[in-house]
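Heads up: the structure comes next, in C-alpha cells.
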Amino acid sequence: MSAIAGLTSGLGLGSTIAALAVLLLAPALGQRADAAGRQKLWLGIGTGALVLCMLGLWFVEPVPSLFWLGVTLISVGTVFSEIAVVNSNAMLIGIATPKTVGRISGLGWGRAVL
C-alpha cells in the first residue's frame, strides 16, 4: 500500500469512528436535552467544542507525525458538530410555525455553509 493510500485509510477510519459515535450518542443526548429542555446548552457545548477542534487544527502541519492529531480533531469536531445540529433541529419547533419551518431551517443551513 502506498503512503497516500495509508493516509486515506486513516482518514476513513477516523470518519467511520466519528460516524459510529454520532450513531450512538446523538439520539441519547438529543433525548436527554429534549426531556430537560436544555437544547440551547447542548447547542452551545457542541458548537464550542467544534470551534476548539477547529482551532486545534492550527497546530497540524503536513508531516506524518501530526497526521493522527489532524484526524482526531476532524473526527471529534464532526461528532460535536452533529450533536449541535441535533439540538438545533430540536429547537426549530419552538421558533418556527409549521408554515415557516422550512424557510427557517433553510436559513440556518445557508448560514452554516457560509
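Every read-out reported here was derived from the displayed coordinates using simple, explicitly stated rules and does not represent laboratory data. All values derive from a computational prediction rather than experimental measurement. As a convention, Cβ positions derive from the backbone with ideal geometry for all residues, glycine included, and neighbour counts pool all protein chains shown.
Please find the FRET efficiency linking THR16 to THR72, where r is the Cβ-Cβ separation and R0 is fixed at 22 Å, and quote it to the nearest 0.05.
About 0.95, to the nearest 0.05.
Can you compute the FRET efficiency between SER105 and ALA36 using 1/(1 + (r/R0)^6), with r the Cβ-Cβ distance and R0 = 25 Å? Round to the nearest 0.05.
Efficiency for this residue pair is about 0.60.
Which of VAL63, THR47, ASN87 sits farthest toward the positive end of the charge dipole of the chain, with +1 on the Cβ of Lys and Arg and -1 on the Cβ of Asp and Glu?
ASN87
Run the quick spin-label model on GLU61 and ILE95: label points 7 Å from Cα toward the beta carbon, then report their separation in nm to one decimal.
About 4.1 nm separates the two model spin labels.
Fully extended, how many nm does the chain gain between ALA28 and ALA5 (0.36 nm per residue separation, minus their Cα-Cα distance)?
4.8 nm
Enumerate the calculated ³J(HN,Hα) couplings along the stretch 39-49 in order (Karplus 6.51 cos²θ - 1.76 cosθ + 1.60, θ = phi - 60°), each rounded to whole Hz, writing x wherever the residue is Gly or Pro.
Coupling constants for the stretch 39-49: 4, 4, 4, 6, 5, x, 5, x, 5, x, 5 Hz.
Provide the per-residue ³J(HN,Hα) series for the stretch 17-31, in order, calculated from phi with Karplus coefficients 6.51, -1.76, 1.60 and θ = phi - 60°, each as a whole number of Hz, with x at glycine and proline positions.
4, 4, 5, 5, 5, 4, 4, 7, 8, 4, x, 5, 5, x, 5
With θ taken as phi - 60° and the coefficients 6.51, -1.76 and 1.60, list the Karplus ³J(HN,Hα) couplings across the stretch 90-96 in order, rounded to whole Hz; mark glycine and proline as x.
Karplus values, whole Hz, x for Gly and Pro: 5, 7, 4, 5, x, 10, 10.
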